[in-house]
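Only the coordinates and a few stated rules stand behind these numbers; no lab work does. Please read all numbers here as calculations on a predicted model, not as lab measurements. Cβ placement follows ideal geometry from the backbone for every residue including glycine, while neighbour counts extend to all protein chains displayed.
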Amino acid sequence: MGKCRSRGLCAGAIWVDLAPMSEPAIETTGTVIERKGEILYRVRLLNGKVVLGHLSKPLTDEKAEFSEGDPVILEMTPFDFDQGRIVSGPA
């Protein structure tokens, strides 16, 4: 039985390489309908769905704030359509 190294997971002497999920982010637009916290907002997407949006790290560092009715751009993963990262605000 061989030792497992940091290269990947192993079961006994069998190596299993884990590839990172490489699905690209989905970019969409929405409108802020409610502020839930310092970096958390409720956003209505163009299709009418309401999701939670949190500020991206650069917007958090800039201490960006959005008001009700502000348009925002969100990045969402293909794995979770209930929340997204706010990457940009009104132009």
**Report entry** Prolate/oblate/rounded call for region 25-88, Cα gyration tensor, a/c under 1.5 rounded
**Finding:** oblate
Query raised in the report: Spin-label point model (7 Å from Cα, Cβ direction): what's the D70 to N47 distance in nm?
Result: 2.6
Query raised in the report: For D61 and E23, what does the FRET efficiency come to when R0 = 25 Å and r is the distance between their Cβ atoms, rounded to the nearest 0.05?
Result: 0.45
Report task. Among the aspartates and glutamates, select those whose C-alpha is under 12 Å from the C-alpha of K49, and discard any that sit fewer than 8 residues away in the same chain. Result -> D82
Requested in this report: Determine the gain in length on full extension of the stretch D82-T31; use 0.36 nm per residue of separation and subtract their C-alpha separation, reporting nm with one decimal.
Outcome: 16.9 nm
Query - Hz values of 3J(HN,Hα) by residue in region 48-62 - Karplus curve (6.51, -1.76, 1.60), Gly and Pro given as x - result: x, 5, 9, 10, 8, x, 10, 5, 5, 4, x, 5, 5, 4, 7
Query raised in the report: So how do L74, L45 line up by other beta-carbon neighbours within 10 Å, fewest first?
Result: L45, L74
Query - For region 26-41, Karplus couplings with θ = phi - 60° (6.51, -1.76, 1.60), whole Hz, Gly/Pro x - result: 9, 9, 9, 10, x, 10, 5, 10, 6, 9, 9, x, 4, 10, 10, 9
